[in-house]
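Engineer: Right, I'll just put the structure down here and ask away after.
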Amino acid sequence: MNKQRLLGEILLGRGLVSESQIEIALKEQQNTSRRIGETLVGLGFVSAEDMLSALGSQLGLKYLRFPEFPRGISGDSHPTVKFMKQYRVVPLGRDNGILKVAMADPLDSYARESLRLFFGGDIKVFLSSDKDIAEAVEQYFGSSTQMTSIMEGMRDEGIGAMDAGGDEDVHHLRDMALEAPVVKLVNMIITRAIEDRASDIHIEAFENKVRVRYRVDGVLVDAESLPKRLQPAVISRIKIMSKLNIAERRLPQDGRIKLRVSGRETDLRVSTLPTLYGESVVMRILDRGSTLISLEDIGFNENTIEQYKRLIAIPYGMILVTGPTGSGKTTTLYASLSRINSSDRKIITIEDPVEYEIEGINQLQVKPKIGLTFANGLRHIVRQDPDVIMVGEIRDKETAEIAIHSALTGHLVFSTLHTNDAPGAVTRLLDMGVESFLVSSALSGVLAQRLVRVICPNCKHPVSPEPELLQKMGAGNVDFTVFHGEGCEECRHTGYMGRTGIFELMMADDKISRMILDKTSADSIRQSAMARGMMPLRACGWQKVRAGVTTIEEVLRVTQGEIGEDVQL
């Protein structure tokens, strides 16, 4: 067996240190408990990277830098973050049943044996630096790093479950909610959601756990599962932050939280709901510090945006934006108001809630508890001599009729409706009980929209379209490639990053207005609008597929109720 070379000899042989430097390091080592390599690095005689490379040669171990670590290693079971940080180790995944692990100190027999016992098998050790291992732990296990340590602290401090009921329990709930670990845990949940670009935080109560999920780019993703025993403390903390009644656990409640996260003003709209296993909470994140998106950045194609710009330039009439919850209607309305906002126009909005503050626009928030509803507020707004009115949502006949009368008396009125397509807005207004002649006279146009996820630019690659998907799209045979996102660290392995809009714009010209007056069916109105140039939602989505912006699956996901017309352009 070859005798193992000394580390100093290897460094000397590579010309990285001199004999005198080794002698100085050996003398220095006598006064410390550090190894020779650490001493040489501490004295500045050799870089940490060169020392580790030499140490790898000495021990027969491959030296890995962080960029060389395999991706997606967090999927395997792993020791606690506390253990990984203390012993400077990180698992790199399995290869034929053998665990690969990076260690900053491969001579630490206790850490090696602990890993072997934890994983129940052999391990293969790679050498890496403290810095690279710390970065890997933070990146691959960072989603649970601070969360885990906080929850461990809660266990140490004895914060546990309780049976709610009675004044004593309410006081106990308040005390738990003010404990530092609980405060840190809730703050961490909110901060991580904002950092992950989430629009909503869902905290859901189940029999044996509390699940936390974030809605990112319109899709819910699992974030964390909290121990069931922490549910009362976490929910009570959120209630205190949003000024809700922590003693009331039988009825739904709504509240609001104002925070400053990473220097940005952020509002959270909070909703609690009593469920079978306790209260569930949903927090909608409203980033007040975000920049308003312009019409050009929303995702309009060239023809539709020109039509829409002409539509919002008219002095009076009603313009509706339709789509399901979370389809970007409010963003489109804000972009529209920003475009027409000028010193010679008075613009007033009534919203629930006010999501963005726009300079030069008077914005009013509804407060149903004191009787300030959309209908009531709108009734007073028209007495303020506005030129443009924006109603956050038309929910009932009274609000619809006031908005329509405002449009007929010289005001430009914007609002939203929850309908699947543009012609459906007409049917919805008539179903509310609004007279057809009022709708026909006031309506200028309807914009229906959806949001589709954008393919991640970092892992985008061409693929051949699947015939089954093409058939569902009604696209016929195509001879071009489409694109998909393979999944990478940047997009959290989803293949998507960000969202863009797809639109259909129905202009209420004379022909469409006569059809509305005659109470023609929505299908007939749709066919007429398409014959007159309206591009359906799915066709707009198909354009974005061909341009490599999104995928066929995404367009099908958000337009499932669409008629399967031929979309090939």
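Engineer: If you split all Cα-Cα distances of segment 245-287 into 5 Å bins from zero, what percentages do you get per bin, shortest first?
Structural biologist: 6, 21, 25, 19, 13, 10, 5, 1
Engineer: Given the Cα-Cα distance of residue 24 and residue 80 and 0.36 nm per residue of separation, how much length would full extension add, in nm?
Structural biologist: Details: separation 56, 0.36 × 56 = 20.16 nm, distance 3.96 nm.
Contour length minus Cα-Cα distance gives 16.2 nm.
Engineer: Still on this structure: Restricting to DSSP H runs of at least four residues, report the calculated mean residue ellipticity at 222 nm for the chain, -39500 (n - 2.57) per run over all residues, nearest 500 deg cm²/dmol.
Structural biologist: Taking each H run of at least 4 residues, the total per residue is -11500 deg cm²/dmol.
Engineer: Per residue and in Å³, how big is the convex hull formed by the alpha-carbon atoms of segment 362-441?
Structural biologist: Enclosed volume per residue, from the Cα hull, is 96 Å³.
Engineer: If I model a spin label at residue 258 and residue 35 as a point 7 Å from the Cα along the Cα→Cβ vector, what separation in nanometres do I get?
Structural biologist: Taking the simple label geometry, residue 258 and residue 35 are separated by 5.6 nm.
Engineer: Give me the compactness ratio for segment 459-516, meaning the Cα radius of gyration over 2.2 N^0.38 Å.
Structural biologist: Relative to the rule-of-thumb radius for its length, segment 459-516 sits at 1.78.
Engineer: While we're here: Might you list the cysteines of the chain that have no disulfide-compatible partner by the rule of another cysteine's Cβ under 4.7 Å?
Structural biologist: So far as the 4.7 Å Cβ criterion goes, 540 stand without a partner in the chain.
Engineer: Relative contact order, percent, of segment 402-478 when contacts are C-alpha pairs under 8 Å separated by at least 6 residues?
Structural biologist: Numbers: 32 pairs, mean separation 20.0, N = 77.
Relative contact order for segment 402-478 comes out at 26 percent.
Engineer: Assuming R0 = 30 Å, what is the FRET efficiency of residue 458 and residue 557, from their Cβ-Cβ distance, to the nearest 0.05? It would help to have the intermediate numbers written out before the result.
Structural biologist: Values: r = 22 Å, r/R0 = 0.73.
It comes to 0.85.
Engineer: Under unit Cβ charges (Lys, Arg +1; Asp, Glu -1), what dipole magnitude, rounded to 20 debye, does segment 429-569 have relative to its Cα centre? Could you put the intermediate results ahead of the total?
Structural biologist: Numbers: 15 positive and 18 negative charges, 48 e Å.
In total the dipole reaches around 220 debye.
Engineer: Name the residue farthest towards the positive end of the dipole of the chain from the options 361, 7, 183, assuming +1 on Cβ of Lys and Arg, -1 on Cβ of Asp and Glu, about the Cα centre.
Structural biologist: Sorting the options by dipole projection puts first 183.
Engineer: Tell me, what is the FRET efficiency for residue 66 and residue 310 to the nearest 0.05, using R0 = 45 angstrom and their Cβ-Cβ distance as r?
Structural biologist: Numbers: r = 54 Å, r/R0 = 1.20.
Calculated value: 0.25.
Engineer: Stretched out fully, how many nm does the piece from residue 124 to residue 510 gain, at 0.36 nm a residue minus the Cα gap?
Structural biologist: Length difference between fully extended and current span is 131.4 nm.
Engineer: Could you work out how far the C-alpha centroid of segment 399-440 sits from that of segment 46-125, in angstrom?
Structural biologist: Using only Cα atoms, the two centres lie 65 Å from each other.
Engineer: With no solvent and one equal point scatterer per Cα, compute the Debye intensity ratio I(q)/I(0) for segment 15-56 at 0.17, 0.20, 0.26 Å⁻¹ and report its log10, rounded to two decimals.
Structural biologist: -0.39, -0.53, -0.88
Engineer: Additional query: With +1 on the Cβ of every Lys and Arg and -1 on the Cβ of every Asp and Glu, and nothing else charged, how large is the dipole of the chain about its Cα centre, in debye rounded to the nearest 20?
Structural biologist: For this selection, approximately 300 debye.
Engineer: If Rh is defined by the Kirkwood formula over all Cα pairs and Rg also comes from Cα, what ratio Rg/Rh do you get for segment 412-523?
Structural biologist: 1.15
Engineer: Which order do the peptides 415-422, 311-318, 446-453 come out in when sorted by mean C-beta neighbours inside 10 angstrom, highest first?
Structural biologist: Ranking, from highest mean packing down: 446-453, 415-422, 311-318.
Engineer: Based on Cβ point charges of +1 for Lys and Arg and -1 for Asp and Glu, what charge dipole magnitude is obtained for segment 487-529 about its Cα centre, in debye rounded to the nearest 20?
Structural biologist: Result for segment 487-529 is approximately 120 debye, rounded to the nearest 20.
Engineer: Using the structure shown, select from 100/184; 309/369; 258/329; 228/460; 309/329; 27/62 the pairs with a Cα to Cα distance greater than 28 angstrom.
Structural biologist: Checking Cα-Cα distances, 100/184; 309/369; 228/460; 27/62 exceed 28 Å.
Engineer: By what distance, in whole Å, do the Cα atoms of segment 1-137 stretch along each of the three principal axes, largest value first?
Structural biologist: Here the spans come out as 48, 34, 27 Å, largest first.
Engineer: As an exercise, take the mean of 1/r over every pair of distinct alpha carbons in the chain, invert it, and state the Kirkwood radius in angstroms.
Structural biologist: Its Kirkwood hydrodynamic radius stands at 28.3 Å.
Any read-out appearing in this document is the output of simple, stated calculations on the displayed coordinates, not a laboratory observation. Computed from a prediction, not measured in an experiment: that's the story for all the values here. All Cβ positions, even for glycine, are placed from backbone atoms using ideal geometry, and neighbour counts span all protein chains on display.
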